[in-house]
Structure formats: structure tokens, C-alpha cells
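Chemist: Input: one structure, supplied below.
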Amino acid sequence: MKYPLFLLLLFASCSMHKMIEQEKAEILSSVKEGEAPIVTEERIQSLPEPVKKWLKTTGIVGRPEIRRGWLSQSAQMTMKPDQKKWYTAKAKQLFTTDPPAFLWTVRMKMNPLISIKGRDKFVDGKGEMRIRMNALMNVVHETGEKIDEGTLQRYLGEIVWYPTAALSPYITWESIDEFSAKATMRYNGTEGSGTFYFNEKGDFIRFSAMRYKENTSDARRYEWIISVRKYAVMDGVKIPVEMDATWKLEDGDWTWLKLTIDKIIYDQDKQE
């Protein structure tokens, strides 16, 4: 029996939705229960000076540690360095801090006939990337050590959205100077590092990491930069809400992502 195309698309979309909902439930089930400890002045004293100043600037001192949360994003993306047209996308993300994990889903319309749905996750120290065209055809399905490392580095760079994660036992800090510090994260056999940069006020302004751009056997690391354009206070915490992501490549810089945080909520099991 031949099924109409829209039924195949509906089935594929439901199948991916079911997978994502199951993954969300599994991530949330691992989050510690009970009262979260308070972030105190004493607890941040051992951190490098610019990191301490940043944490005070965010407003998290005196608050309980953030254990989980949800955020929604609007984005403009390009798929290759020479692409002139920017695609518009909407994304949602679940994140947890102990254990560290995220689940990110994105929808992007490429033209009237083609849409893309993607899902990235970082769970148990392992990363996985899936992209489907029209919810039906797998365009990308990537796993492996390079993906694990790169996804961990992404998680590390994104702790600026949930700053109490800077106190994670999986992250160690090394002072560089009065405006920067290097963070190294080790979790479940995966390790990655990146450098956080701050301004005179203590605001986070940039994250830099040497990250694999491809998942091939001969893949090389390139500098991957997140830079901040705007800040806002959301759910009581000052975070960067407009950011760009750029690869520093041999042929020049490729800014492939312009991101806006539309909403963030902390310590709820379900997104509003």
C-alpha cells in the first residue's frame, strides 16, 4: 500500500518528537532532588578574580544553585562560509548542571518545500547530533570522540546562561590575567577546555575554544568563538542574550550563527 507523502511526514515527525520527549524525561530523571545549596561569597573565593567578579555581576551570589532549566532562542544561521543568505531558526533547550547535560532542538525553514529539524544532545559525557530534512530523511547523524569533545566545549561555553555551573566539580579554573581565565571540564571520560574573557565591569564578553569543526579521521581543531552583543536580566540572573558564533578558518572568519535568547526559566521540570 502506498501512503500519501503527508502521512509519511507526519509519522516521521511524531517519531522524532517521541524520541526527543523520551530523552528529555531521561535527562530530568537524573537531576538531584532536594534543596539546592546557596551560592555564598565563601564558595567562590577560590575562583580566579575575573570569574568571581563575573559571578557577582550576574546576581547569583545568595541564590540557590541552578540545577536545571529551559531556554528558547531565535537564530539566524548559515550552512557554509560563502553563503550569503541567512536562514531563520527557532530553538529550545533543556539543560542540567548536576549531572551536566543539554538537549537542544531547532527548526529551520530553508525554502517553501524544505525544512530542517535538528537535535543536539550532551548526556553522560557523550555528544550526538541529528539533522533531518522535512522530519523524514536523516541528513546528519554524528557521534564519536570528536563530537563528545566538541559538545562538552559547547556546554562549557554555555554555562554563562546558568552561571552557578561555574562551581561544578567537573570544571577547574586557571587564572590567565585580570580579564580572563581558562576552564577545563572533565566528565565521564571526556575532556575539553576554553577561555572566558570579561570586561572591566565583570561582564562575560567572549569564549574561545580550539574545537573540531568536522568529525572525520583527519579533522583539525580551529578556534571557535562566542561573542556577546547584549545582556539582560532574565529570571533574576544577568546573562548574555545576544551572541554570535564564529569559526576562525584559514580563509578567514566565518560567523555562522547570530543568536538571541528569548526566554530562560530555571529549576522547572517542564517548559512553559
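A short reminder: the numbers here are calculations on the coordinates, not readings from a lab. These numbers come from a predicted model, not from an experiment. Neighbour counts are summed over all protein chains in view; Cβ atoms, including those assigned to glycine, are modelled from backbone coordinates with ideal geometry.
Chemist: Sorted by packing (mean other beta-carbon atoms within 10 Å per residue), highest first, where do 251-259, 144-152, 178-186 land?
Modeler: Details: 251-259: 14.3, 144-152: 21.2, 178-186: 17.4.
Highest mean packing first, the order is 144-152, 178-186, 251-259.
Chemist: What does the highest-first list of 45-53, 188-196 look like by mean Cβ count within 10 Å?
Modeler: Details: 45-53: 16.9, 188-196: 18.7.
Taking the mean over residues of other Cβ atoms within 10 Å, the ranking is 188-196, 45-53.
Chemist: Sticking with this one: At 7 Å along Cα-to-Cβ for each site, give me the label-to-label distance between residue 42 and residue 229 in nm.
Modeler: 4.4
Chemist: Quick one: compute a quarter of the convex hull surface over the Cα atoms of the chain and quote it in nm². Display every interim value, and only then the final one.
Modeler: Details: hull surface 64.1 nm².
That works out to 16.0 nm², a quarter of the Cα hull's surface.
Chemist: Between residue 56 and residue 258, 0.36 nm times their residue separation minus their Cα-Cα distance comes to what?
Modeler: Working: separation 202, 0.36 × 202 = 72.72 nm, distance 2.69 nm.
That pair, residue 56 and residue 258, stretches by 70.0 nm at full extension.
Chemist: So, one more: Using modelled amide H (1.01 Å from N, peptide plane; none on Pro or chain starts), what sits under 5 Å from the amide H of residue 67, excluding residues fewer than 5 places away?
Modeler: 267
Chemist: What does region 18-77 give for Rg and for Dmax, in Å, if only its C-alpha atoms count?
Modeler: Cα-based Rg and Dmax for region 18-77 come out at 16.1, 45 Å.
Chemist: For region 49-94, what is the Kirkwood estimate of the hydrodynamic radius, computed as the reciprocal of the mean inverse distance between distinct Cα atoms, to one decimal in Å? Display every interim value, and only then the final one.
Modeler: Values: mean 1/r = 0.0707 Å⁻¹.
Hydrodynamic radius (Kirkwood, Cα pairs) of region 49-94 is 14.1 Å.
Chemist: Give the Rg/Rh ratio for region 54-184, taking Rg as the radius of gyration of the Cα atoms and Rh as the Kirkwood radius, to two decimals.
Modeler: On the way: Rg = 17.0 Å, Rh = 16.6 Å.
Result for region 54-184 is an Rg/Rh of 1.02.
Chemist: Explain nothing, just the number: dipole magnitude of the chain about its Cα centre with +1 on each Lys and Arg Cβ and -1 on each Asp and Glu Cβ, in debye rounded to the nearest 20.
Modeler: Working: 41 positive and 38 negative charges, 231 e Å.
Dipole magnitude for the chain comes out near 1100 debye.
Chemist: Using only Cα atoms, locate the centre of region 117-189 and the centre of region 44-104, then give the distance between them in Å, rounded to an integer.
Modeler: 11
Chemist: So how compact is region 153-272: Cα radius of gyration and Dmax in angstrom?
Modeler: Values for region 153-272 (Cα only, Rg and Dmax): 15.2, 45 Å.
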